[in-house]
Structure formats: C-alpha cells, structure tokens
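Asks: For reference, the structure I am asking about is given below.
The values are calculated or read from the model by the stated rules, or taken from the named source; none is laboratory data. Being a predicted model, the structure only gives us computed values, none of them experimental. All Cβ positions, glycine included, derive from the backbone under ideal geometry; neighbour counts span all protein chains shown.
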There are 6 protein chains.
Amino acid sequence: MTSRADGRADDELRPIKFTRGFTSHPAGSVLVEFGNTRVMCTASVTEGVPSWRRGSGLGWLTAEYSMLPAATHERSKRESVRGKIGGRTHEISRLIGRSLRACIDLAALGENTIAIDCDVLQADGGTRTAAITGAYVALADAVTYLGAAGKLADPQPLSCIIAAVSVGVVDGRVRLDLPYDEDSRAEVDMNVVATDAGTLVEVQGTGEGATFARGTLDKMLDVACAGIENIVAAQREVLSQPYPGSLPGSGQ
Amino acid sequence: MTSRADGRADDELRPIKFTRGFTSHPAGSVLVEFGNTRVMCTASVTEGVPSWRRGSGLGWLTAEYSMLPAATHERSKRESVRGKIGGRTHEISRLIGRSLRACIDLAALGENTIAIDCDVLQADGGTRTAAITGAYVALADAVTYLGAAGKLADPQPLSCIIAAVSVGVVDGRVRLDLPYDEDSRAEVDMNVVATDAGTLVEVQGTGEGATFARGTLDKMLDVACAGIENIVAAQREVLSQPYPGSLPGSGQ
Amino acid sequence: MTSRADGRADDELRPIKFTRGFTSHPAGSVLVEFGNTRVMCTASVTEGVPSWRRGSGLGWLTAEYSMLPAATHERSKRESVRGKIGGRTHEISRLIGRSLRACIDLAALGENTIAIDCDVLQADGGTRTAAITGAYVALADAVTYLGAAGKLADPQPLSCIIAAVSVGVVDGRVRLDLPYDEDSRAEVDMNVVATDAGTLVEVQGTGEGATFARGTLDKMLDVACAGIENIVAAQREVLSQPYPGSLPGSGQ
Amino acid sequence: MTSRADGRADDELRPIKFTRGFTSHPAGSVLVEFGNTRVMCTASVTEGVPSWRRGSGLGWLTAEYSMLPAATHERSKRESVRGKIGGRTHEISRLIGRSLRACIDLAALGENTIAIDCDVLQADGGTRTAAITGAYVALADAVTYLGAAGKLADPQPLSCIIAAVSVGVVDGRVRLDLPYDEDSRAEVDMNVVATDAGTLVEVQGTGEGATFARGTLDKMLDVACAGIENIVAAQREVLSQPYPGSLPGSGQ
Amino acid sequence: MTSRADGRADDELRPIKFTRGFTSHPAGSVLVEFGNTRVMCTASVTEGVPSWRRGSGLGWLTAEYSMLPAATHERSKRESVRGKIGGRTHEISRLIGRSLRACIDLAALGENTIAIDCDVLQADGGTRTAAITGAYVALADAVTYLGAAGKLADPQPLSCIIAAVSVGVVDGRVRLDLPYDEDSRAEVDMNVVATDAGTLVEVQGTGEGATFARGTLDKMLDVACAGIENIVAAQREVLSQPYPGSLPGSGQ
Amino acid sequence: MTSRADGRADDELRPIKFTRGFTSHPAGSVLVEFGNTRVMCTASVTEGVPSWRRGSGLGWLTAEYSMLPAATHERSKRESVRGKIGGRTHEISRLIGRSLRACIDLAALGENTIAIDCDVLQADGGTRTAAITGAYVALADAVTYLGAAGKLADPQPLSCIIAAVSVGVVDGRVRLDLPYDEDSRAEVDMNVVATDAGTLVEVQGTGEGATFARGTLDKMLDVACAGIENIVAAQREVLSQPYPGSLPGSGQ
C-alpha cells in the first residue's frame, strides 16, 4: 500500500489555520493556511455596484484570485506585466465569487460591493479551496464590521457557512486535500464547495488524462463532504473569537 | 405539474443534428445543433506544438470557444474589439480542450497540433456541451484525414467517444438539456462530459443562488448519463457515414 | 488564351445565394454565398448611439467584420486571443460601415444603432464585397422589422440598394469576382461598391507589386458596374420574398 | 460661383515644400509641407526582415503613420496611451507601405528592412497623401545612403517616383488637394497614388454620405493625375540636390 | 585632462533655442533645442478634468512624453504599436507633469485641463530636461491665450519659471548638459528641475553601475543650479517677444 | 511645536523588522516591516537572461513591485485586471532594480537572472524604500543559496549593502521615514538609497505643490543618511543569523 508523503490518512485534512486581522485596512483580512498553502483573503467594502446592477437597490460581491509570482516552485510570470489575466485565474476568481454569493443576502448591503481578494503567498496544492474557505471568514468579519457601522438592512445577511476542499484519486486511492506533489500526478481531481448544512454549492471534477467511474465520483464526494464538516468546525471555532480590530462605534 | 415550454419530457433531449463537412478548409468541420443552439466546430491540423512542449515528440490539442456577437438574444460585444477574452470564454475553451484531450493519444500525432474552434452561430442554452459533442465529431474527421495522409504513428489514436450534456433543476424538477429560457432561471446547473463507456470526464455542478442536496446531484447525474448514451448513439450514427470531403491519396 | 479554373467568362460572376433568416435572434440575418465564399451577415438593433452622437436625435450604423479562424486555407489566429484587431480587419469593418451608411437615413432611427456583423465562415476571395452585399439584405430585413415595430420615423429610410464586387487583372486580363486562387496572384485588385442606380459609393483599386494604366482602371470599372447590376437583381429577387421570421404585431 | 477660401483655382495645388535632412539619425529624413499640413517622414534601415519573410533573401519595406496629439484642431488622444492603434491609423499605415513597395526592388536590399515613419506634426487635410509624397523622398535618400554604404545588390532599386494627392467634390465642384475645411464638408473624397510615368498605384474614392456618378470619378482622376505631374516635378527638383548629410565613405 | 567632444567647458550648456508658434493649432507650441536634442512641446487646452477631480472647481495639468521612432540612433519601436507605454516613458511623463504643476495655480483654470505633449523629434541626451524647459514656454503661451480669451480667474496664474538640466559625472568630472555620447557612459546621472528663484522642484540622481559620494552630489547641484540660471535667462528672453499667433479678441 | 502622531523624534525611524524565510519556494524570501508598512520581498533565480543580454556571459537582476489591492486604505484596482501597469508601479519597479544592481557583480551569475518581487501586503508610507531594504536581504539570501549550489563564479558577488529610506518636510520640519498620514501632506518628499559605506545610489526629491531651498535638500540628506546607517545595522544584524532554509548540499 502506498502511503502519503506527509503521513496523513487518505481522508485526513492538512492542518488548517486562520489568522484573522492579518492586515488592518480591509474590513475583513484573513491569512488561511492548509498545510503549506497560504492565501491572504480580504473583504473590502466599496461604494456602488457594477453598472449593470445600478438602480436595483441590491449589493454585489465580486472576487479576484491571484498567485504571487514567487508563490510557486518555479517563479511564474506576473499577469499585470503580461497585460492579461490567464484562463486559470479567471476561472478561479469566478468560482470564488459564485461560491460566496451563495451565502449572502445581497439586498442587505444596499448598492454597495464587497470585493474579495485572494492572493496566494505560497502554493502547495488546493489554493482555490483554501481561498474560498478563508474568504468566507474574511467575509464574515466584513459583515460584522458593516453591521457595527449600521450599514446593513438585515443584521444577519449570511445564511450559511461556505467551505471548500479538494479531493482526488492518486495512486489509485481517493485522497482528501491534495498537496502539490499529489495534485500534480492525480488521475482525477475534484473541488467541492459546500455549506455547514451539508448541501452543495459547486462540484467540479476532472479526469486528468483519464476518465473515472460514477462510483469513484460518489466515493470522492463522500470523502470531501466529511472533510468539509471538519473545516466548518474550524471556521466556527475561529469566528467564535471577537472581531480582530476596532469596530465603528465600539469606543475602541 | 409544470411542463416544459417545448413539450419535452424532463429527461428528454432536444433534437440533435450533425452536419459534417460544413465548411471545406479544415480537416474536420461540423455544424452541431441541439435544438436551436447551433455551433460550428472545426478541427484544424497545424505543424508544431506550443514552446513548452517542443522536443517532447508529443502532439497537442487546443480549443477555442467563441460566441458570435449576434448569437445571443441581445447582441454581445465582440471580444476582439474589447481587446480581451472574458472569463466565461476562457473557462469554456479550457473545458473543451481538457475534455477532448481525454480521448486522444497525443503521441500518435508527432509534434503537431490539432486546433479545435467552436464558434456559436446561435445560442439557446447548452452551447458548451453542444460544442464538446460536435467537436468530437470534427476531431474524429480530422483523425481520419490525418490517417489517410499517413501522418499518424498509431492508426487509431482515439480511445473513446466524448459527449456532453447539460442538466439542471428548474421549477424544482431535474431536467435534461436546458434551453436558454430554462437555463436562465435554473436553481442548479450542471454540465457533464462522459465517454461512450459511461465513465466520466468532467462534472461541473453549480447552485445558482441556491445550494443543492447530494441526492439532487445524484439524480442529475443519472439523467445526464442516460442522455449522453443517446447522444453517443447519434455521434456513432453520423460517423458511420464516409468522410465528407476528399481524403489525401483517395483519388477523389 | 488562359481561361479561368472554374470555367467562367472573364466578366461572369460566381453563383450568388442569399439565405435570409439564417439565424433567428437578430432583426436581419443572412448567409451570403459568392461561390465558395460564405459570410454570415447580421443586423442587430441596439438602443442608444455612441457618446459622440448623443443628443443629436440621429441614429447610427456600425459594422464589424471578422474571419473565423478556420475560414482560411491555413487556420489563422483568433484576434480576440491576440488581444487586438489587425489592420486588414479594421479596414474592412470601416469600409462596410461607410458603404451601408450611404443608403440609410439615420434620422429615421432615432437614437438607436444598427450593428452589422459580417463573420466569414469560409473564405474563397471577395469576402469584403460579399459581406457588403449580404449585409445590405440583412439591413433591409432589420428595417422591415423596425417598421413593423413602429420604431421608424420615416417608413422607408433606405434610399437605394448597395452591392459590391471585386474585379482585377489576372494573367493580363480584366476579370470579375476573383476567387482566392486568382486574387492571390492578381496584378491589380479592385473593390467597387455601387448602388442600384449605377452611382458609385466606394472605389478602391490597388496595384499589387505593379502599377496600372488609367485605361485598365476604366475597363475594370466597366466590368464591375455591369456585375453589380446582376448582383442587385439577385438582391431584389430575394427581398421580394416576405420577411423570414415573425414580425412584431404580425400575429405570427 | 463659390471660390476657395485660399484663393486657389479648383485644380491648383497648395504650395509644396520638402526639407531634406530634417533630422540627422535616419538614413532619410524629410519634412514635407502641403500648405499647412506638415509631416515628418523618415526612412530607417534596420537589419533583418519579419519572420514570415526570413530565408527568402528578400528585403522588406514597412510603414507607420501617426498623428501627434496636438496636430489636429482639437487635441486627439495618444494611441500609445489608449493602448491600441485606431482603424484610421492602421488603414493609412498600410496604404503608405503598399504605395512605396510599388517602386522598389526589395531583392536589392538583401534581408534588411526599410522602416518608413510618417508623423504628422500639423494636420490641415491630405495628411496621407502628403505622407506618401514625402516618404518617397525620404526613401530615395535612404537608398542613396545604402548605395554609398555598398549595401545594395542593384545600384538603382527604385523603378519610378511615387506621389499622391487628394481630390474631392466640394460645393458641387471637383477640387484638388483639399485642406481640412474643404475635406470636412466634401461630398466625395478621393486619394490617388501614381507614378512619374502616369500609371496608377492606388485609387480610393469614397462618397461621404452621398454617392457619385462614374463621370465624376473620371473628372476627379483627370484632375488628380494632372496634380501628381506637378508634385513629381517638385520631387525631382528637390532630389536633384545632393544628399543632405554625410554619406558613408564620402570622406565628409 | 579629458576635454569634451564638442569643446565645451565642463559647466557650459549647449546652445539653447526656442521656436515659439512652431505649429498653429495648440494654444502653446514650442520647438526647443538643446544642441542636437529637439523636442516639440505643446500645451493644449481641453474642457473638463479627470473624473477624480470633477466637482472640485479646480483645473488640472497633465503631460505626455514620447520619443518618435526615428529620433534615436537606432530606430526604436513605436509604443502605440507595442500596445503599451514603457516604464521610461511613464516615468518621464510623470516628471514633466509634476514639474509644471509646481508653477501654476490650477484654481485659476476652472475645471479645464492643460495637456502638455512633449514629442522628441531628435534625441541627443537630455530629452527630459529639454522637454520640461520647452514645455514651460509653451505653457506660458497657453496661459497668455487663456487670459486673452477671458478664461482665467486669476490673470497671472504662473508663480515662477520652471527650467531643467542634466548633469553627470563623466570621465571622473562633473559635467553639465550631457549629450548622448557622454550620457551613455556617465558614472552618475542627475536631472535637476528648479525655478527662476533658485529653489528646487525635483532632483533625481542615479549612480549608473557605481555609487557616488555626498560631495559629488553637492558639486553636481552647484553646477546644475548655475546652468539653470542661464536657461531661465533664455526663457525670459524668448518670452519677452509677443505671443506668436493671433489671440482671441486681438483683432488679428 | 507640532509633534509626530506616533511620538517619534523627527529623525527617528519606525521599528524595522525582517522575517527571513517568510515563504519557502524562492531562494530568498523576506517580510520587511517599517512600522505598519509590510512588504514581501523575494529573490528567485531563473535560468537565462533577457534577449538583449544573451551571449554576453553576464547575468541580470530585474525587479517588480506591486501593491496588493487591499493594501491601501481604499481598495485599489488590480493592475492585472486593468490590463496594464500604472506609471507609479513602473517607476518603482525600475528604481528597485537599479538600486540592487548597484551592489552585485552580475558577471558572477553567469547567464542567469535574479528576479526580485516586492509585493506590498500593507501600505503605510515608504513602501518603495522598505521594498529596497527588504529586497537586499532577500538578495543576500539568494546569493548564499547560489553559492551553496556552486553556481557562482565569484563566491562574494555583493560589494556592499543597499538600504533606503524616505525623508520629507512636514509641517515645516524635516522628518525621517514618513508614514502615510505624514506623506500625504508632505511639502517635500525624498527617497534616498545608499550603501553601508555611506555613498549614494539614488536620490529622488520632489516638491509636492511647493518648491524647496537647497538648504532644505542638504538637511534632508543629512537626516536620511543617518537613518540609513541605522537601517544597515539592522540588516547586518538579521543577516548574521544562518540561512533560514535548507541549503543545497548542506545535508539538511
């Protein structure tokens, strides 16, 4: 039997850590770590909404994902210098935005936008799922901030917790939360986004140079959903601590 | 009970039609229609491979998807004029490429590239799944062409048939092959790419402003996989006809 | 004497065919064929006008031309992927727009824009002149649609028919409507846009690595103008059929 | 009868002036003036040819036209800042390149490129025709320079003189060499490029919101060709003076 | 002792020349020459201000610098064709804008913008300092024009004269106003922008592959400031002549 | 007398902190903090040099600076999404590159490139000077790594230490190391880059809407140079610790 390089069981997560208040300007700022993968997730509140949404009375949530050039094993070229966003970046940014819009009542924001930024400081597999997971915590902090500032029509606009994890088939075995060295040789690769209620938000599974049976898909979903329960517990735990900075009107 | 506007059963496909030899310059050229959705799919053979693959002795397959400006209900802006590819276009182009690379032995091509182009002439939902389905037929024709030209190291480099279909939850019911008016109000939207052997290549399911239960996912997969069997039958049928143009060395 | 590869007389057109209602979303949609050259021409009505024209009370007509990547003998690179429009595309788009603006009273539209899109599905010489010719038919259909919708200040805003053809000197002989294999070795190449009244809209003649005498220019114009008479007859013929879709308020 | 604002006869040119050696780095550098239109035209010799021409043994000539922001009545936006070349710029650059390639035997250059730059310092109509006319003089100087440097396979690679002029219908009258105030209200606008032998290189005539009769075209060509004879005389005159800088090997 | 190629003393300027009214459309248009460096500097008045400044009641001054392709010894690529502004161009444009904003009371303009354009026709070192110096003269002319047009809230919005010069260490000696052949081998390179009162606006000194002592910096500043006194005298002299064109309401 | 908001003396630095080994993929990775300004500085070694340097046998050092969107008080737009690098970013990237090239013997690298990336995680004034200071430490680590890997022709290619600091005039007083709230209202702003030997590398001083006397410049330089001595001491201190990761061949 092939065991994992880091000694984990196949259905075991890497250590997960959240540092709330990682930076101080954005309303929510969280450094999330899934093992050696480290992503800085921020939620900034800006006035106004995109033009296609103006006059609706509804807010908006948008997300941008980016990999710092030195985050990867080999330095990658900076997209601002290349002058365009690559397809992978586009795809992940859209996924993060869609995932977080599933938990928030945008009507509560009025015509304001929450901009989520997920910048990968160090990549070791699973950057998109770590980003979604950390961004939820940053979003929760931003919502707390907006509430304290008296800017929410509905005091509790978040209807659920959002978390995500990767799962794949490596060496013929279904494994949870793949680091880079497993991810790069996985036969099947899947990202699952789900809620604390166990319902699904997004499922993306891809055969990498191979196809996979329906039974494998079912097994991967089982493992991913169990993993997400643990991630949600960690999110709940860290969010049970007070807001990491000074809140408007808090006298701090 | 809410019935579908076009009278179909929930698990019924729209009429599917392939026109092989739709244009004559590319080695494979197919107009695929899923109801009113019409996509021109071509497979062109070009010498050489991308720089990161040079010297490997392996070929490559790349894909580009594009929506003609007047294909949609409201004219959409041309991406060449905007000067950049949008996120949705990027995402779909990558999906088509990944899906078709799952069926072809790229070593058989030598250092040559097959460029798949999927241009949507008319959009009525399911353009990406129609594109994958039609592109497979164009690819099969291009492979026939390459074989006749004596350019394949392996005479049969396609290991399976690739087909795709959309499925979703509309009005609380799981429905197959959504047209635009269903797609635009679907609660859950899923695209499934699979092979003639029933194995999966890619699964992408998204809650649109809602989350969905694991049971719903399972039901959607059942319906999609059954639909794909019928699509594969149509692909087999149309590919049982001879190559639509003149083949190298055929004396035609 | 050198005869033409397709057996035509020097002053003979290729077979011309118009398919009205080629797609159903735009107000006008026409597939035009000049022999093997096939261009999808659409006329879409959009609200508003460019900013420099706002407040004038006048409408606008704009045109965009594009070659699908697989339309040419060798696949050409997609301009949206290159991130910019090439000079040839720019030039032809501007020519189509100018040519069609010569026949329409833009005041009749109010501050609305007709966007002409000409996408070449298959290229075999003369794509720009086929595009202008087909776009006129699409424009006429869009005008019919706007009239039925009660959106025209003047019920008959088209003052003339616009048609175009190429002419050139090949093998020392003046020839009409050049296919690719003649065009690519023509000594002189000319595009003529004219009206059903025989007046000229645009004349562009270029010596390709050679100069040409005034007498040659005169001869080319004679041949082109005669050809345009025949094209106009074909346009009239196809437009004598009813509008190919359902018109607003038609009870269809 | 309406007379011209500057008192010229309808078929009279504006004063034309060439300043050779306007700048000293390029092999050819000419400031050309057609009345108040002033264009700096340079011909620079660079090693190598574009990739599609490599290995042919042939040289290349390319041209770029640009309007300085403050050259026009209202300052226009700089294209480098907009990040893309506009359609008009593209069109004129291509016209200048084609026109000058008609007079030069590119085989004589070996695999080297002559880059023509035409930068409009002040615009008052007819910038593209002034540019072609001035660029020919700069090209002739560059050829002299290359000859002195012993870099020409053929000592006389220019087969003819190239000149250009605009002509149009203004106030119902055919007029030569239109300044901006005539050009902006011309009913028909035409640019003619021809040789010292009286043969044509390029003819571009456009009805501006109007169409024009064949007889008008003929009249415009007569006037333009007569005007070009006078321009050629001025070119010959200025080129009868010695090369304006020091030539390689001249001991200067 | 190493003397300078052009025979100047180490602290001597090249001949400086201003041609006011170099072109006629912009409110200010000056050709400035520092030896063989020639820059066309214009100041154009446009209505409105950038969006971030709207509603402030204040005007704005912006500057763009550009090198014509043939201005340099080897032709350089046109930035509009490359599709982006290079770092050096950006840096110099920003320097010119900052420098000139130091002398003008923008409140006097109302919400209007003065656009400075500095286009280098011929480069021989010191193009940025020549540009600033010439642009000041163009700005002074534009202010005279605006005053005559009754568009200034304050009749004398310029509080000082701005001039600039380069200085460097070449062959171990501090030298003023470096031409290209000195600049390209300078050990230290410095640009100084100052006023007629002798105060500093901007100081930028750079060791080129070497570092420099504080004493060298002091010496360079001494030489530069003395040079600027002479440049200011030349600016005063040329501006003592009347405005070079016709002023609004002047009866000219 | 106006005192500083954070209680510092006018010539006092903010607390400076370096975290070496901040991330693990690049050869050098340092988080530098100047008070609340935090910049992640990495030095990555890549094979090859830019094309203009190929064949020289010399290495290259390049630098890119970027501000994360949420680093500033108001979220700023991501440059990769805008599709171009702004002028300020360009300017700072060039400054960092020039500054570090002053201390390294590029011949020792062979034809390899060190890519410096400075990404601002949190901005509170002085980001460019913090970036240079931190990047030097990352560069020193990368050089140690290269030496251990046996890839340096010269075992000690760094000739000096490079450090930088900002200084300015605020409330009429010369102050060192300005935080954002001082920087944004400074009358004069200066950045000084110097070596451990006290020689200067780069000096950039700018009057912000004001000019400044030579005496003020002298005073600012005095204060900056004294500050840099302290920064250099901090750099020496942190670099006296061992390399923070495992070195090639170290058996770690």
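Asks: Can you list the strands (runs of 3 or more DSSP E) lying wholly within region D:1-61 that have 3 or more residues being on the phi < 0 side of the Ramachandran plot and of a type in the set (Ser, Thr, Tyr)?
Replies: Correct list: D:37-47.
Asks: Among the listed residues E:187, E:182, E:208, identify the single one that is more than 13 Å from chain F (Cβ to nearest Cβ) and over 19 Å from the mean Cα position of the chain (by Cα).
Replies: E:182
Asks: Kindly indicate whether residue D:110 is on the phi > 0 side of the Ramachandran plot, in contact (Cβ under 8 Å) with a residue 40 or more places away in the chain, surrounded by fewer than 20 Cβ atoms within 10 Å (Cβ to Cβ) and out of contact with any Asp or Glu (no Cβ under 8 Å at 6 or more places or on another chain).
Replies: yes
Asks: Based on this model, can you work out whether residue D:89 counts as touching a strand residue (DSSP E or B) at 6+ places or on another chain (Cβ under 7 Å), within 12 Å of chain C (Cβ to nearest Cβ), surrounded by fewer than 19 Cβ atoms within 10 Å (Cβ to Cβ) and more than 22 Å from residue E:27 (Cβ to Cβ)?
Replies: Answer is no for this residue.
Asks: Quick one: in region D:190-205, of everything that is surrounded by fewer than 22 Cβ atoms within 10 Å (Cβ to Cβ) and farther than 19 Å from residue C:92 by Cα, which residue is farthest from the other protein chains (Cβ to nearest Cβ)?
Replies: D:196
Asks: Additional query: If you scan region A:211-220, which residues turn out to be surrounded by fewer than 22 Cβ atoms within 10 Å (Cβ to Cβ) and more than 7 Å from chain B (Cβ to nearest Cβ)?
Replies: A:215, A:216, A:218, A:219
Asks: Which one of these does residue A:80 not meet: (1) at the interface with another protein chain (Cβ under 7 Å from one of its Cβ atoms); (2) under 13 Å from the mean Cα position of the chain (by Cα)?
Replies: Looking at each condition in turn, residue A:80 falls short on (2).
Asks: May I ask you to say which residue of A:64, A:47, A:74, A:79 is acidic (Asp, Glu) and in contact with a Cys (Cβ under 9 Å, 6 or more places away or on another chain)?
Replies: Every option except A:64 fails the conditions.
Asks: Can you run down the residue pairs with Cβ atoms below 6 Å, 6 or more apart or on separate chains, where the first is in region F:203-219 and within 22 Å of residue E:158 (Cβ to Cβ) and the partner is among the acidic types (Asp, Glu)?
Replies: Taking only residues 6 or more apart or on different chains, the pairs are F:206/E:202; F:206/F:189; F:208/F:189; F:210/F:187.
Asks: List every residue pair whose Cβ atoms sit under 7 Å apart, with the two residues 6 or more apart in sequence or on different chains, where the first one lies in region D:136-148 and is in contact (Cβ under 8 Å) with a residue 60 or more places away in the chain and the second, anywhere, is of a type in the set (Ser, Thr, Tyr) and buried (at least 23 other Cβ atoms within 10 Å of the Cβ).
Replies: D:138/D:29; D:138/D:42
Asks: Those residues that are touching a residue at least 60 places away in the same chain (Cβ under 8 Å) and not acidic (Asp, Glu), I need them from region C:173-189; list them, please.
Replies: Listed by number, the residues that qualify are C:173, C:174, C:175, C:176, C:179, C:180.
Asks: Assuming residue C:82 fulfils every condition listed in (1) more than 15 Å from residue C:43 (Cα to Cα); (2) touching a helix residue (DSSP H, G or I) at 6+ places or on another chain (Cβ under 7 Å) apart from one, which condition is it?
Replies: For residue C:82, the exception is condition (2).
Asks: Still on this structure, please answer the following. Can you confirm whether residue A:154 is without any contact (Cβ under 8 Å) to a residue 60 or more places away in the chain and either within 14 Å of chain F (Cβ to nearest Cβ) or more than 18 Å from residue A:91 (Cβ to Cβ) (or both)?
Replies: yes
Asks: Of the residues that sit in region A:12-52 and are crowded, with 16+ Cβ neighbours inside 10 Å and over 18 Å from residue A:133 (Cα atoms), which one is nearest to the other protein chains (Cβ to nearest Cβ)?
Replies: A:25
Asks: Could I ask something else about it? Hey, can you tell me all the residues within region C:22-60 that are without any contact (Cβ under 8 Å) to a residue 60 or more places away in the chain and either of a type in the set (Phe, Trp, Tyr) or in contact with a helix residue (DSSP H, G or I) (Cβ under 8 Å, 6 or more places away or on another chain) (or both)?
Replies: C:22, C:23, C:25, C:52, C:57, C:58, C:59, C:60
Asks: Ok, one more. Out of curiosity, is residue F:133 closer than 26 Å to residue A:39 by Cα and of a type in the set (S, T, N, Q)?
Replies: yes
Asks: Of the residues E:134, E:97, E:125, which is in a loop (DSSP other than H, G, I, E, B) and within 20 Å of residue E:192 (Cα to Cα)?
Replies: E:125
Asks: May I pose another question? Name the residues in region B:210-225 that are within 11 Å of residue B:168 (Cβ to Cβ) and among the polar types (S, T, N, Q), would you?
Replies: Answer for region B:210-225, where residues must be within 11 Å of residue B:168 (Cβ to Cβ) and among the polar types (S, T, N, Q): just B:216.
Asks: Now for a different question. Counting just the residues of region E:92-129 that are of a type in the set (S, T, N, Q) and within 14 Å of chain D (Cβ to nearest Cβ), which one comes out nearest to the chain's Cα centre (by Cα)?
Replies: It comes out as E:127.
Asks: Return the total of residues in region A:78-94 being part of a helix (DSSP H, G or I), free of Cβ contacts under 8 Å to residues at least 24 places away in the same chain and not charged (D, E, K, R).
Replies: Count: 4.
Asks: Still on this model: Just checking, how many residues over region C:172-182 are over 27 Å from residue C:236 (Cβ atoms) and crowded, with 18+ Cβ neighbours inside 10 Å?
Replies: Of the residues in that region, 1 qualify.
Asks: To continue, here is another question. Considering each of E:95, E:106 in turn, give the residue that is aliphatic (A, V, I, L, M) and farther than 25 Å from residue E:184 by Cα.
Replies: Within the list E:95, E:106, the selection yields E:106.
Asks: Looking at region B:228-245, which of the residues that are within 14 Å of chain A (Cβ to nearest Cβ) and closer than 22 Å to residue B:92 by Cβ is surrounded by the fewest Cβ atoms within 10 Å (Cβ to Cβ)?
Replies: B:232
Asks: Next question, about the same structure. Within the group B:141, B:183, B:171, B:189, which residue is in contact with a Ser or Thr (Cβ under 8 Å, 6 or more places away or on another chain) and at positive phi?
Replies: B:171
Asks: Within region A:53-70, restricting attention to residues that are within 26 Å of residue F:44 (Cβ to Cβ) and more than 7 Å from chain F (Cβ to nearest Cβ), which residue is surrounded by the most Cβ atoms within 10 Å (Cβ to Cβ)?
Replies: A:65
Asks: Filter region C:136-151 down to the residues that are of a type in the set (Gly, Ala, Ser) and away from chain B (no Cβ under 12 Å), then identify the one that is surrounded by the most Cβ atoms within 10 Å (Cβ to Cβ).
Replies: Among those that are of a type in the set (Gly, Ala, Ser) and away from chain B (no Cβ under 12 Å), it is C:140.
Asks: Any residue at all in region A:70-77 that's in a loop (DSSP other than H, G, I, E, B), of a type outside the set (Lys, Arg), touching a Pro at 6+ places or on another chain (Cβ under 6 Å) and modelled with pLDDT under 95?
Replies: Within region A:70-77, one or more residues are in a loop (DSSP other than H, G, I, E, B), of a type outside the set (Lys, Arg), touching a Pro at 6+ places or on another chain (Cβ under 6 Å) and modelled with pLDDT under 95.
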